[in-house]
Amino acid sequence: MQCPVPFSQHSTVQLAHGGGGRLMRELIEGLFRAAFAGPDDRSPRGGRLAAPARTAAHDSTVIEPSAGPLAFTTDSFVVSPLFFPGGDIGRLAVFGTVNDLAMAGAEPLALSAAFIIEEGFAFESLRRVVDSMARAASEAGVRIVTGDTKVVDRGKGDGLFITTSGVGRVPPGVDIRPGRVAPGDQVIVSGDLGRHGLAIMSVRQGLEFETGLQSDCAALNGLVAAMLAAAEPDDVHCLRDLTRGGLAAAANEIAQDAAVGMALRETEIPVCTAVQAACELLGLDPLYAANEGRLMALVAQRSAQAVFQAMKSHPLGRDAAIIGEVSVEQPGVVELLGPYGPGRILDLLSGEQMPRIC
């Protein structure tokens, strides 16, 4: 749904739009509130989302108490370019925060969104981002209920930065964290890797692929719910979305936090042809490339097949693969096994392969 054009006298953001006066109120009411308001706010948007909150017109919002534990997360998004194949910074901001909540097994309840906008940023681009965020929130079944806006001087920002925070309800009996990872756990990924990072890099480098490489940007909370429903109680030990640093970073962080070893079978790790080709052209490793719609699961062996089948039955898990297992050997080390046995250590990078990809 397109927001009404709130600033007919301006085509770009002015410093006064962050100054607390009339223009700032027009920005908040005419753009952000019009896009993010839900049914309880007399919005024409309709539908019922899982947010026990009222969209705030003042400095905070009110969230109804939740029975049981809550998960809370925050993240900032500084991607360049702002619009890329398969998504944009707004979609990324919503899904990234929803996914962080989902990795704790939480059902997202409400999000906040804070915008840092550079003076001179085009309102048409801002409207595109805000509308995209509203659609993404609707897809994920969550509400954006409060936020903040700041405008910085021209040349002192980089167009648009977004910070989102989220609150989610953790269902009874769900305890997902690295400390629960145990020897024998099966390592499962939800799909092919590296799409987001390589989609960003292909735009920057002006590369085109016959298959049309797009970001995997998606909300994973529905997939996680299906996985939890398929597993025996307490058998989903740890989840991690494979964002910055990709599979390599996530596997190493979990192995170190849980003080376990991890053996991954390189031939079982799914990487699509376009990503592999882009990595070869750019000299990159897809196992370190960022994803925005993929997760890694550590699941007890008795539930691994049931969880795997549930993932395969979900649209976001059709390309899921069981790629390895947890062991007691070499605690904190991730080994990448080749087709004929021991391969190489999959270590953390000392720097970054790709700057500003989320």
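Summary of computed values
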{"read-out": "Within segment 178-345: Cβ-based charge dipole about Cα centre, in debye rounded to nearest 20 (Lys, Arg +1; Asp, Glu -1)", "value": "180 debye"}
{"read-out": "Residues Ile345 and Ser11, FRET efficiency given R0 of 51 Å [Cβ-Cβ distance, rounded to 0.05]", "value": "0.45"}
{"read-out": "Protection proxy ranking of 220-226, 265-271 - average other beta-carbon atoms within 10 Å, highest first", "value": "220-226, 265-271"}
{"read-out": "Peptides ranked, highest mean first, by Cβ atoms within 10 Å: ranges 157-166, 21-30, 272-281", "value": "157-166, 272-281, 21-30"}
{"read-out": "Most positive-pole-ward Cα, Leu239, Ala251, Ile345, against dipole of segment 215-358 from beta carbon charges", "value": "Leu239"}
{"read-out": "Two-site FRET efficiency, Gln256 against Arg154, from Cβ-Cβ distance with R₀ of 45 Å, rounded to 0.05", "value": "0.55"}
{"read-out": "Listed residues Pro108, Met227, Val333: farthest to the positive end of the dipole of the chain (Cβ charges)", "value": "Pro108"}
{"read-out": "Hz values of 3J(HN,Hα) by residue in segment 142-150 - Karplus curve (6.51, -1.76, 1.60), Gly and Pro given as x", "value": "9, 10, 8, 10, 7, x, 7, 9, 10"}
{"read-out": "Peptide ranges 325-331, 93-99, 231-237 listed from the most packed, as the mean C-beta count within 10 angstrom indicates", "value": "93-99, 231-237, 325-331"}
{"read-out": "Size of electric dipole in segment 260-319: Cβ of Lys, Arg +1 and of Asp, Glu -1, about Cα centre, debye, nearest 20", "value": "360 debye"}
{"read-out": "Extended-chain gain in nm, criterion 0.36 nm per residue less alpha-carbon gap, Thr273 and Glu232", "value": "11.2 nm"}
{"read-out": "Percentage relative contact order, the chain, counting C-alpha pairs under 8 Å, at least six apart", "value": "21 percent"}
{"read-out": "Size of electric dipole in the chain: Cβ of Lys, Arg +1 and of Asp, Glu -1, about Cα centre, debye, nearest 20", "value": "1000 debye"}
{"read-out": "Coarse-grained scattering of the chain at q = 0.07, 0.08, 0.14 Å⁻¹, given as base-10 log I(q)/I(0) from a Debye sum over alpha-carbon atoms", "value": "-0.32, -0.41, -1.15"}
{"read-out": "Label-point gap, in nm, between Arg204 and Glu329 - each point 7 angstrom along Cα→Cβ", "value": "3.8 nm"}
{"read-out": "Equivalent ellipsoid semi-axes, segment 178-345, via Cα gyration tensor eigenvalues times 5, rooted, Å", "value": "26, 19, 13"}
{"read-out": "Positive-pole candidate from Thr164, Gly184, Ile200, dipole of segment 83-241, charges at beta carbon", "value": "Thr164"}
{"read-out": "Cα centroid of segment 319-344 to Cα centroid of segment 257-315, whole Å", "value": "12 Å"}
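Here, each number is a calculation from the coordinates, and none is a lab measurement. No experiment lies behind these values; they were computed from the predicted model shown. Positions of Cβ are backbone-derived with ideal geometry, glycine not excepted, and every protein chain shown enters the neighbour counts.
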